[in-house]
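Mind looking over this structure? Questions follow.
The values are calculated or read from the model by the stated rules, or taken from the named source; none is laboratory data. Please read these numbers as outputs of a predicted model, since none were measured by experiment. Positions of Cβ are generated from backbone atoms using ideal geometry, with glycine treated the same way; all protein chains shown enter the neighbour counts. Calculation scope for accessible area: heavy atoms of the full protein, side chains included, ligands and nucleic acids excluded. Shrake-Rupley method; radii C 1.70, N 1.55, O 1.52, S 1.80 Å.
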Amino acid sequence: MKVLVTAKRVVDPDVKVKLDGSGNLDLSNVEYKLNPFDEYGVEEAVKLKEAGKADEVIVVSVGTSDSQKEIRTALAMGADRGILVEVDEDEDLDPLTIAKLINGVVQREEPQLILLGKLAVDAENNQVGQMLGALTGFGQGTFAYRLDIEDGYAIVGREVDGGTADVKVALPAIVTADLRLNEPRYASLPGIMKAKKKPLDVLTPDDLDVEVDAQVRVVGYELPPERAAGVIVADVDELIEKLRNEAKVIG
Amino acid sequence: MPPDPMALGLNVLSRVAASPTAERFGLREPIENVVHGGTRIGFAAIQRAARSFKPLRKLTSPERSEPRAGAPLFDLTPDDEQELFRETVRRFAADRLTPNARAADDAAACPDQVRAGFEELGLALAVLPEALGGACEQRSAVTGTLILEELGRGDVGMAVTLAGSMSVAQLIVDCGTAEQQARYAAPFAEEDAPRAAIAVNEGRMLFDPFVLKTRARPKPDGFVLYGEKSLVAAGADCDFYVVAAELLGVGPSLFIVESGTEGVEVMPQPAIGLRAAQTAAVRFDGVQLPSEALLGGEIGAVDYADFVARMRIANAALATGCALAVVEYVVDYCNERYAFGEPISHRQAVAFLAADMAIESEGLQLVNWRAASRADAGRSFDKQAWMAATLAAEKGMYVGTSGVQLLGGHGFVKEHPVELWYRNLRALGAAPAGLYV
């Protein structure tokens, strides 16, 4: 079984991103990382390979040539080869465009299982996996906290509001990883050295016959308004009074 | 009593100055000149300002000079592999070293689960070439420096224990004969890897690694080793040592000494810092060594000055990591700690000291990177390594003690890590750990 897994380059989630004066992100001093949710996906793919259920793990990333580093990270964790769909830095990418580009790779590689992070921690769109499902026509199991592969099916334990739900999806299938799926390993130092020798192909949107024409564009950023300090109410009566007359949430 | 000549002279001078003679000799003239000249220059300036400017060329857009093309003089960007190494080791240090640092210092030992975690990281395999069971194709002092910085950021004591054996492996890969590599370096790639330490320090004032009292006397079938090594980091529990000794008639040389050899005595020597590394004194009392014990096999095969410089870089890298940890901690603390109704970082005495600590730490880092990158480029680097060692000793201690100072009473108690960092930085400055890049 061939597994395709995504690896998006995102701003380190531990960094507090600042805005410059004109409503753009100030990315001059930030570090980048492999999207943590994609990391769960990579770990799961490598585990499937170690368990003998997958023969090959292919990592795909859509981004500038800098994204090669995130692909190398996944290769160092144990993936076999990488594909970068390279786009220009100033190119607008919306989730649908990214889904189309990944679909282009899916058509080339014909994997049986596609693992994605449920979302990327930068834009938090949570759309690419589902859109890829529509584009490919494959079944999908989103927000996976558990994944088993049996007899041509993926059994996906999903985290849903108020509990969990298991779905059984025929392969080829799309699975998006949630944070309880596994505990990603460190890329070992020899793994990093070996990753350098693993193949990494660079493709352009043209190679995949995909036109990059984003329908959603970011027009600006602003910080959420600062929260005013709270008040401590003396008793329930005062609380009710405030809810009724100040907040006007009860009649 | 004859008149005092000095008093007489002074008397004459003051009379001249007070008399109208000064005027008569024209001494006042230059003063008037200055005044007059000054006025003229003033008028000229006003005239110049009145000049009007017209465009001399037609430009449709502003013209700027291009930045100079080609390789920059200064590029400190780690390559992807180095960046990944650094990220991985940073994560290991944050997950395993930082949370265990206090316990390891109290127990004066590196916990077994930390050792196990470090083995999973596979640093040994990253040091050894494939023929010795590893994965290394190219060695790099810069990469080694980046790794040691991150380990030092986590905890210096455990970092020395963990990286000490790797340093020995690296040294044998660099300098050992095929036989020495197969015997002493290859086991690092196997389960139950050996523990080893580099022993250079000797217990006396202003110790210089080029002037050794530990001596090796040649004999027909080998050497006899006499002397005592002090504050050998990770030295209390070792399978073998690499010992620096004066080979009589030759100069400083390195010897591989198995700890079970007769005449080798080890005594724990707990010190102010590096407690988790179990510093020890090691005595050699007429230890009989075979001729194969000489690292490199032949007299002069090892460049001892190169070895010392690489040790200095390694030690400075640990100090850098620890100093950066202090700065990070202190900045957070001073921004969160309120006194007089505002964060203490609003006080200049606090903010300026924190800024100086950051300057010194990053300055040390840059000098050390330069040394390491010159080593990788095959250029001379002993001067830069020495400068890094000096900065590590002086500024490391400055950063450590300033960290304690900025935390006030909290700097003294073990609730916060700064006193531990201070002790470790102090120890690194006084007696360099036997690490090697």
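Just give me the residues in the range B:332-346 being open to solvent by 10 Å² or more (accessible area, probe 1.4 Å) and in contact with a helix residue (DSSP H, G or I) (Cβ under 6 Å, 6 or more places away or on another chain), in sequence order. Break it down into steps so the answer makes sense when it comes.
Looking only at the range B:332-346, we keep the residues that are open to solvent by 10 Å² or more (accessible area, probe 1.4 Å), and these are B:332-333, B:335-346.
Hits for the range B:332-346 are B:ASN335, B:ARG337, B:PRO343, B:ILE344, B:SER345.
Report, by residue number, each residue of the range B:316-331 that is open to solvent by 10 Å² or more (accessible area, probe 1.4 Å) and either under 14 Å from the mean Cα position of the chain (by Cα) or among the acidic types (Asp, Glu) (or both).
B:LEU324, B:GLU328
Is it the case that B:ASP75 is more than 10 Å from chain A (Cβ to nearest Cβ), open to solvent by 60 Å² or more (accessible area, probe 1.4 Å) and in a helix (DSSP H, G or I)? Before the answer, list the steps.
Numbers: more than 10 Å from chain A (Cβ to nearest Cβ): yes; open to solvent by 60 Å² or more (accessible area, probe 1.4 Å): yes; in a helix (DSSP H, G or I): no.
For B:ASP75, the condition - more than 10 Å from chain A (Cβ to nearest Cβ), open to solvent by 60 Å² or more (accessible area, probe 1.4 Å) and in a helix (DSSP H, G or I) - is not met.
Looking only at the range B:73-88, count every residue that is among the β-branched types (Val, Ile, Thr) and out of contact with any Phe, Trp or Tyr (no Cβ under 9 Å at 6 or more places or on another chain) and tell me the total.
First, pick out the residues of the range B:73-88 that are among the β-branched types (Val, Ile, Thr): B:77, B:88.
Those still in the list that are out of contact with any Phe, Trp or Tyr (no Cβ under 9 Å at 6 or more places or on another chain) too: B:77.
Of the residues in the range B:73-88, 1 are among the β-branched types (Val, Ile, Thr) and out of contact with any Phe, Trp or Tyr (no Cβ under 9 Å at 6 or more places or on another chain).
Could I ask something else about it? Farther than 30 Å from A:LEU189 by Cβ, touching a helix residue (DSSP H, G or I) at 6+ places or on another chain (Cβ under 9 Å) and of a type in the set (Lys, Arg), is that true of A:LYS100? Before you say what the answer is, go through the steps one by one.
Numbers: farther than 30 Å from A:LEU189 by Cβ: yes; touching a helix residue (DSSP H, G or I) at 6+ places or on another chain (Cβ under 9 Å): yes; of a type in the set (Lys, Arg): yes.
Here the answer is yes, as A:LYS100 does meet what is asked.
If you don't mind, another one. Select from the range B:101-137 the residues that are within 18 Å of B:GLN82 (Cβ to Cβ) and within 26 Å of the chain's Cα centre (by Cα) and write down the one among them that is farthest from the other protein chains (Cβ to nearest Cβ).
Our first condition is that a residue be within 18 Å of B:GLN82 (Cβ to Cβ); within the range B:101-137, this holds for B:121-123, B:125-127, B:134-137.
Okay, now just the ones that are also within 26 Å of the chain's Cα centre (by Cα), so B:121-123, B:125-127, B:136.
On the way: B:LEU121: 6, B:GLY122: 4, B:LEU123: 6, B:LEU125: 4, B:ALA126: 4, B:VAL127: 9, B:CYS136: 7 Å.
If we take residues in the range B:101-137 being within 18 Å of B:GLN82 (Cβ to Cβ) and within 26 Å of the chain's Cα centre (by Cα), then B:VAL127 is farthest from the other protein chains (Cβ to nearest Cβ).
Of all the residues that make up the range B:411-437, how many are open to solvent by less than 60 Å² (accessible area, probe 1.4 Å) and assigned to a helix (DSSP H, G or I)?
Result for the range B:411-437: 12.
When you scan the range B:174-258 for strands (runs of 3 or more DSSP E) that lie fully inside it, which ones turn up with 2 or more residues that are open to solvent by less than 20 Å² (accessible area, probe 1.4 Å)? Break it down into steps so the answer makes sense when it comes.
On the way: elements: B:196-199, B:215-219, B:222-232, B:240-247, B:251-258.
Here the list reads B:196-199, B:222-232, B:240-247, B:251-258.
Let me ask another. How do the pairs read when you match residues in the range B:250-272 that are more than 24 Å from B:ALA430 (Cα to Cα) with residues anywhere that are of a type in the set (S, T, N, Q) and assigned to a strand (DSSP E or B), using Cβ under 9 Å and keeping only pairs 6 or more apart or on different chains?
From the range B:250-272, the pairs are B:THR261/B:GLN288; B:GLU262/B:GLN288; B:GLY263/B:GLN288.
Counting only residues that are open to solvent by less than 30 Å² (accessible area, probe 1.4 Å), touching a helix residue (DSSP H, G or I) at 6+ places or on another chain (Cβ under 9 Å) and within 22 Å of A:PRO184 (Cα to Cα), how many does the range A:120-157 have?
Summing the residues that are open to solvent by less than 30 Å² (accessible area, probe 1.4 Å), touching a helix residue (DSSP H, G or I) at 6+ places or on another chain (Cβ under 9 Å) and within 22 Å of A:PRO184 (Cα to Cα) in the range A:120-157 gives 6.
Kindly check whether there is at least one residue in the range A:11-27 that is of a type in the set (Ser, Thr, Tyr), open to solvent by 10 Å² or more (accessible area, probe 1.4 Å) and closer than 25 Å to A:ALA99 by Cβ. Step through it out loud before you land on a result.
First, the residues of the range A:11-27 that are of a type in the set (Ser, Thr, Tyr): A:22.
Now restrict to residues that are open to solvent by 10 Å² or more (accessible area, probe 1.4 Å): A:22.
From the residues that got through so far, the ones that are closer than 25 Å to A:ALA99 by Cβ too are none.
Among the residues of the range A:11-27, not one is of a type in the set (Ser, Thr, Tyr), open to solvent by 10 Å² or more (accessible area, probe 1.4 Å) and closer than 25 Å to A:ALA99 by Cβ, which makes the answer no.
Going residue by residue through the range B:164-181, is there one that turns out to be within 12 Å of chain A (Cβ to nearest Cβ), of a type outside the set (A, V, I, L, M) and closer than 22 Å to B:ALA375 by Cβ? Talk me through it step by step, then tell me what you get.
Narrowing the range B:164-181 to residues within 12 Å of chain A (Cβ to nearest Cβ): B:166.
Next, only the ones that are of a type outside the set (A, V, I, L, M) stay: none.
Checked the range B:164-181: no residue is within 12 Å of chain A (Cβ to nearest Cβ), of a type outside the set (A, V, I, L, M) and closer than 22 Å to B:ALA375 by Cβ.
Only one of B:ALA305, B:ALA314, B:ALA358 is in contact with a helix residue (DSSP H, G or I) (Cβ under 7 Å, 6 or more places away or on another chain), farther than 28 Å from B:PHE207 by Cβ and not hydroxyl-bearing (Ser, Thr, Tyr). Can you tell me which? I'd like the intermediate steps shown before the answer.
Values: B:ALA305 fails: farther than 28 Å from B:PHE207 by Cβ; B:ALA314 fails: farther than 28 Å from B:PHE207 by Cβ.
It is B:ALA358.
Residue under question is A:VAL218, and the condition is that it be among the hydrophobic types (A, V, I, L, M, F, W, C) and farther than 17 Å from A:VAL46 by Cβ; does it hold? It would help to see each step written out before you state the result.
Details: among the hydrophobic types (A, V, I, L, M, F, W, C): yes; farther than 17 Å from A:VAL46 by Cβ: yes.
Considered against the rule, which asks whether it is among the hydrophobic types (A, V, I, L, M, F, W, C) and farther than 17 Å from A:VAL46 by Cβ, A:VAL218 comes out as yes.
Would the range A:83-93 turn up any residue that is surrounded by 20 or more Cβ atoms within 10 Å (Cβ to Cβ), in contact (Cβ under 8 Å) with a residue 40 or more places away in the chain and in contact with a Phe, Trp or Tyr (Cβ under 6 Å, 6 or more places away or on another chain)?
no
Which one of these is open to solvent by 40 Å² or more (accessible area, probe 1.4 Å) and in a helix (DSSP H, G or I): B:ALA371, B:ALA349, B:ALA385, B:ALA392? Please lay out each step first, then the result.
Values: B:ALA371 fails: open to solvent by 40 Å² or more (accessible area, probe 1.4 Å); B:ALA385 fails: open to solvent by 40 Å² or more (accessible area, probe 1.4 Å); B:ALA392 fails: open to solvent by 40 Å² or more (accessible area, probe 1.4 Å).
Being open to solvent by 40 Å² or more (accessible area, probe 1.4 Å) and in a helix (DSSP H, G or I) holds for just one of B:ALA371, B:ALA349, B:ALA385, B:ALA392, which is B:ALA349.
Ok, one more. Take the range A:160-177 and flag every residue that is farther than 20 Å from A:ALA134 by Cα and open to solvent by less than 40 Å² (accessible area, probe 1.4 Å).
A:GLY163, A:ALA165
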